[in-house]
Each structure stands twice: as C-alpha cells, then as structure tokens.
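What follows is a short report on a single structure.
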Amino acid sequence: MIAASSSSSNKTDKIADFKARLAKLHGKRNEAAALNHKEVVEEDRIKQMPKNYSKKRERLEAEFKEDQRREAALAEGKDYDRLRMLEVGADEAERWERRKKKKNPDQGFSTYEDATIRQYNRLVKNKKTDMAEYEKEKQAVGEAAFYGENNTIAIGLHKDSKEAIDSMVDDLEKQIAKRDKYSRRRIYDDDADINFINERNMKFNKKLERFYGNYTEEIKQNLERGTAV
C-alpha cells in the first residue's frame, strides 16, 4: 500500500509539473504573439510615413537642441553665435559656405534673359506684399486694367508711393556700389601686408581671416603693438 501511494504521489507531481510547464509555454507564446503584432503595427506605421520623416525628425530635434543652447547662452549674457563659431574648424566652416552657395549658385552670365530673371528673383525675394493695399488698388482701377488684359490701357492709372520710390532708389544705389566694388579685381593688393609664402598659403590665410578675423583682431593689434599678455 505504501509503494502504491508513493507511486500515485509521484505521478500527480509529474502531472502538476507538466501542467505548470505547459502554462509557462502558453504564456511565452502569447507574449511572443503580442510582441509580433506590435512590431507589425509599428512597421506598417513607418511604411505609411513620408520617406524623409526620419531625416526631418532628426533635423527638428537638432534645431530644438540648438534653440535650447541659444536660450541658455542668452540667459548667461553670452553671444551664442560667437561661441558656436569658436567651436567650428576652418574646414567645416568652408563646407557650410559651399553648402550655402549650392542653394543659389551663381552660374555667371549666360544670356541677358537669365540675368534679368536672376535679378528679378533677387529683388522680390525679400519683398512683402501688402494684401490690403493690393486689393484696394485692384478695386480702384478695375481687374482688367490691374491685370493688364487685352484692349486695356493702364498708363496713368497707377501712382507709386514715396516708400516704393525710396526703396527703388536705395536698391539702385546698392547696385552701383556693388558694381564699383567689383569693377577692378586684383589677385594681390599692393598695399596689403604680405603674410603668406605662396598662393595656397594666401588663400588659407584669407579663409582664416574670413571666419575668425572679427575674433582675433584685438589679439593681432596687441601683438603688433607689443602689448600682448
């Protein structure tokens, strides 16, 4: 009787252990199914997003962090742009400059038509339209004359404001000044100090001066006067 009771107890323990392991396996299977479903849903959500979503998100996060650093610098009374430029190497600054030029590259003169279009785009780039004044003038002269439709005479209907005339004069003066500045280009300035040993060194020095000249001017003057610490 004792042997039969012991055998029955062992059999019951085995069944209980088997059921426990089976329940554990069922739990793991359910957990794996839930994780797989979650991953499938996430993968489908990513597929439905724009292709540039990740890059756009990285850019927005970088801009947010930069805004935080800028606010922290302003709170401490520091110039954030100056601090940022001091951390940038000359090569990296040159890459930034090239990247800016690629956005609106100057292809040089090709035709008068292209030059006129380029100048027009430059002039209207920063112009802001006063929609209230726009609608007021359209109502005053009529849509046919305002849009210059066929068989319409618009001469004498429009009168330029003093602000518009002053803006045009200022732009023309800037064009004249810019034209005079680049009318005579020289590779070497005879009156400038010679601080280079060859043309490559000259270009490198100009690069350094362009990016760091404002921050090193006082140090340079102290060295020339012999008062540098």
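The values are calculated or read from the model by the stated rules, or taken from the named source; none is laboratory data. Model, not experiment: these values are computed from the prediction. Glycine also receives a Cβ, built like all others from the backbone with ideal geometry; neighbour counts cover every protein chain displayed. The protein model used for the area step is the full one, side chains on, heavy atoms only, and it has no ligands, DNA or RNA in it. Shrake-Rupley method; radii C 1.70, N 1.55, O 1.52, S 1.80 Å.
Data table
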| read-out | value |
| --- | --- |
| When residues of the range 61-113 are limited to those that are of a type in the set (A, V, I, L, M, F, W, C) and part of a loop (DSSP other than H, G, I, E, B), the one modelled with the highest pLDDT | VAL88 |
| Qualifying residue in the range 121-138 (condition: modelled with pLDDT of 80 or more, in contact with a Ser or Thr (Cβ under 9 Å, 6 or more places away or on another chain) and of a type outside the set (A, V, I, L, M)) | yes |
| Enumeration of residues in the range 141-168 that are assigned to a helix (DSSP H, G or I), of a type in the set (Val, Ile, Thr) and open to solvent by less than 60 Å² (accessible area, probe 1.4 Å) | VAL141 |
| Tabulated pairs, the range 90-107, first over 20 Å from ASN201 (Cβ atoms), second among the acidic types (Asp, Glu) and modelled with pLDDT of 70 or more, C-beta under 9 angstrom, 6+ apart or interchain | GLN107/ASP114 |
| Unmet criterion (only one of (1) modelled with pLDDT of 75 or more; (2) open to solvent by 60 Å² or more (accessible area, probe 1.4 Å); (3) not β-branched (Val, Ile, Thr)) for PHE196 | (2) |
| Leading residue by the ranking (modelled with the lowest pLDDT) among those in the range 34-60 that are in a helix (DSSP H, G or I) and within 19 Å of the chain's Cα centre (by Cα) | TYR53 |
| Of residues in the range 178-192 being within 32 Å of the chain's Cα centre (by Cα) and surrounded by fewer than 10 Cβ atoms within 10 Å (Cβ to Cβ), the one modelled with the highest pLDDT | ARG179 |
